[in-house]
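The structure appears below as structure tokens.
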Amino acid sequence: MRFIFAPMTSAILLTVPCLLVGQSAQSASAKPEPLDAYLSCRYGAGLSAVSALRMQGEGLRYRDVPTAEGQKKVSIIDGYRLMISQGEPSFFANLHIERSDPRQYARDKDVVIKSLEYAMDARPPGPKAVWDHVPYNGFDVYSVTDTTMGANGPNGIYVLFRDPTQTIVTIYFLGQKPEHRHFGTIQEHDAIVDKMIEDLTTCANNPPAAVAGNLPALRTPDDLDHFINKYYLQARLDRIPEAMAMLTSSGVLQIPEAVGTITGFFSEVFLTNPSRVDGWRTVIDKQPGFAKSVLDSAVSWSKAGGVLQLPGQLPQMNDLYWGAFFASGNPLYVKKLLELAAFATKRDDFNVWMIGATAKWSLARNSRQHFLVHSILEEEKRTSDKLKEDLVDDILKRDPERMRQEMVDFRNKQIRSGKWK
């Protein structure tokens, strides 16, 4: 059969039936990543983290911030972006959690404080924002807040400095339309903010036990599925050798639909961490047969610029793009899939239609399971032409299972009419 819309088409998720289960070659490191505690914080007031994205790559980087003296640079050696919500579309806060270069932290702190002062002075005319500075629960806390309850208020910026770990937490409290708010007065809003600051600082001081302990070993296909699909939320480079070593023993490479996603995933990991590839080479060379071939292809693609540089518009590109996206959270892969999804209207050619249909369905399904995919598509909708806007609207609004069934029905209709074989 040339084409079957089965639940695993385009390797949307790598969850597979029970196959041969083997023992992983390595165990996970027991040492937590420096910023991991912040990912496991639990908040009251109905708040929860609905997305988390780790900064790509390794080493020292910088971000620009505005000050009264012009743009200044702040060092970063690791970082996360978290979106905190009270239930979609009530997005309450956007967190930037960053660790500075210890040698530059004192200067970074001074620059960030000056940037916050500049943000307050640059506010448009109207009610004056409130400035505050107080040591709290092991953090040095600065804030600029809007006390109004206008169309999109209240909002504000909090910056929490944790000097012993050279950590800077910037919280952007987001303005919300009245119909999306879970508070009715400024006092209720401020109580939620206070509760969130309390929970965040307490969590940083006393991280949940799960963060400090061993993570589950990657012994089964389900373990690998979760590891790959959630990797961009919490990159664990220490577990990449373990993931490579279990490819054969798990039997996951016996599933044809999974191969492209796995290859794309490792290609992106190698691309964004080139300094690690030589060290991983010994693990790659120990893998048997097909697993080594898959990993060798991933290394080769990474050296040529990654999946984005591969030519052609083939059905397997859907799997490669998703694998690379899961490794990095790079919006370019979602945009590439959206380009392919446009081919779902090309109904004269089976292969072209298949590329578009599977890309469109995979976007619809993953936009429900990954907040980042949904937000990337929403941004594309706001900045695209009418044709693409309608396509994104259809992806985000139609039930993925209904979309899949409609595609199956259309394929069968084309076959019965003799247009497709």
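General observations
- Residue within the range 330-340 that is closer than 30 Å to Thr282 by Cα and either touching a residue at least 60 places away in the same chain (Cβ under 8 Å) or touching a strand residue (DSSP E or B) at 6+ places or on another chain (Cβ under 9 Å) (or both) present: yes
- Single residue of Gly260, Gly279, Gly264 found to be within 16 Å of Leu332 (Cβ to Cβ) and either outside any helix (DSSP H, G or I) or not charged (D, E, K, R) (or both): Gly264
- In the range 79-102, the residues that are modelled with pLDDT under 90, over 14 Å from Phe173 (Cβ atoms) and not in a strand (DSSP E or B): Gly87, Glu88, Pro89
- Whether a residue is among the aromatic types (Phe, Trp, Tyr) and under 29 Å from the mean Cα position of the chain (by Cα) was assessed, and Tyr136 does not pass this test.
- Matching residues, the range 369-380, being open to solvent by 10 Å² or more (accessible area, probe 1.4 Å) and either touching a Leu at 6+ places or on another chain (Cβ under 9 Å) or of a type in the set (S, T, N, Q) (or both): Gln369, Leu372, His374, Ser375, Ile376, Glu378, Glu380
- When residues of the range 296-316 are limited to those that are touching a residue at least 40 places away in the same chain (Cβ under 8 Å) and under 17 Å from Pro256 (Cβ atoms), the one least open to solvent (accessible area, probe 1.4 Å): Pro315
- Of the criteria (1) more than 29 Å from His374 (Cβ to Cβ); (2) among the hydrophobic types (A, V, I, L, M, F, W, C); (3) surrounded by 19 or more Cβ atoms within 10 Å (Cβ to Cβ), which one Val334 fails: (1)
- Here Ile84 does not qualify as under 18 Å from Val65 (Cβ atoms) and surrounded by 20 or more Cβ atoms within 10 Å (Cβ to Cβ).
- Boolean, Ala45 is of a type in the set (Gly, Ala, Ser), farther than 21 Å from Arg368 by Cβ and modelled with pLDDT of 65 or more: yes
Each row is one residue, and each column tells you yes or no for (1) open to solvent by less than 30 Å² (accessible area, probe 1.4 Å); (2) of a type in the set (D, E, K, R); (3) within 25 Å of Tyr232 (Cα to Cα); (4) in a helix (DSSP H, G or I).
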| position | (1), (2), (3), (4) |
| --- | --- |
| Trp353 | yes, no, no, yes |
| Ala357 | yes, no, no, yes |
| Arg382 | no, yes, yes, yes |
| Asp390 | no, yes, no, yes |
| Ile415 | no, no, no, yes |
| Trp420 | yes, no, no, no |
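- Leading residue by the ranking (modelled with the lowest pLDDT) among those in the range 283-339 that are out of contact with any helix residue (DSSP H, G or I) (no Cβ under 9 Å at 6 or more places or on another chain) and over 16 Å from Val269 (Cα atoms): Gly312
- None of Ser115, Ser90 is closer than 28 Å to Arg42 by Cβ and among the polar types (S, T, N, Q) except Ser90.
- The range 396-418, residues that are aliphatic (A, V, I, L, M) and free of Cβ contacts under 8 Å to residues at least 40 places away in the same chain: Leu396, Ile415
The values are calculated or read from the model by the stated rules, or taken from the named source; none is laboratory data. This structure is a prediction, so every number in the text was calculated from the model and none was measured. Glycine gets a Cβ as well: all are built from the backbone with ideal geometry, and neighbour counts include every protein chain shown. Surface accessibility is based on the protein's heavy atoms, side chains included, excluding ligands, DNA and RNA. Shrake-Rupley method; radii C 1.70, N 1.55, O 1.52, S 1.80 Å.
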